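For reference, the structure is listed below as C-alpha cells.
Please treat every number below as a calculation from the coordinates, not as lab data. This is a predicted model, so every value here is computed, not measured.
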Amino acid sequence: MKLPHKAHVAIVDGEHFVLMRNEGQIFEPKLAKAEKPDLTATNFSAGVKHQDDIGQRHGNTDLNELAHGAAAAEWLNAKCIANDIEQLVVVADPKTLGEMRRHYHSELEKRLVGEIGKTMTQEPTERIEKAIAEA
C-alpha cells in the first residue's frame, strides 16, 4: 500500500487506539507516534445489531469493544472535519474495523487512503510498517 508522507495511521482494537504519522517515504513508511487519544466509549448503538442469542451465548459480542471502535471513529471524524488529518489509514481488527465503518463521516471517507483488517495494536512499529508496505 502506498502511504503518503505525513499521512496519519490509526491503529485500533476494542481497547487500544494509537495515532501515528508517516515520516518516511511513500513505499518505505517510518511511523512516529502522533497521539494516544483518551476515549470515552459512549456510543453503544452496536448493541441493537448484536442482540442475537447465539452471539450472546458464545460470548462473541463485547459491546464495550464495539463502543470503543465507535468512539475511535467519532474522534477521527472530528479530526478530519477540523482538517487536522489530511490522509488516513486505519489498521484495526476485523470486528472493530466493521464497527468503525458504520460511523465514518463523509469527511473521513474522503481522506481515507486505505484500511487493513488486522490486529496490530500490540505489535512493534516495524511490524506495522511492514504490514502497511505489504498491503
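Pulled fully out, how much extra length does the chain show between M1 and K30, if you take 0.36 nm times their separation in residues and subtract their Cα-Cα distance?
Working: separation 29, 0.36 × 29 = 10.44 nm, distance 1.35 nm.
Gain on extension, M1 to K30, equals 9.1 nm.
State which entries of K36/K118; K79/K130; K30/K95 exceed 24 angstrom in Cα-Cα distance in the structure shown.
Values: K36/K118 19 Å; K79/K130 26 Å; K30/K95 27 Å.
Exceeds cut-off: K79/K130; K30/K95.
For a quick check: with amide H placed at 1.01 Å from N, whose amide H comes under 5 Å from V113's, ignoring anything fewer than 5 positions away on the same chain?
Answer set, sorted by chain and number: L88, V89.
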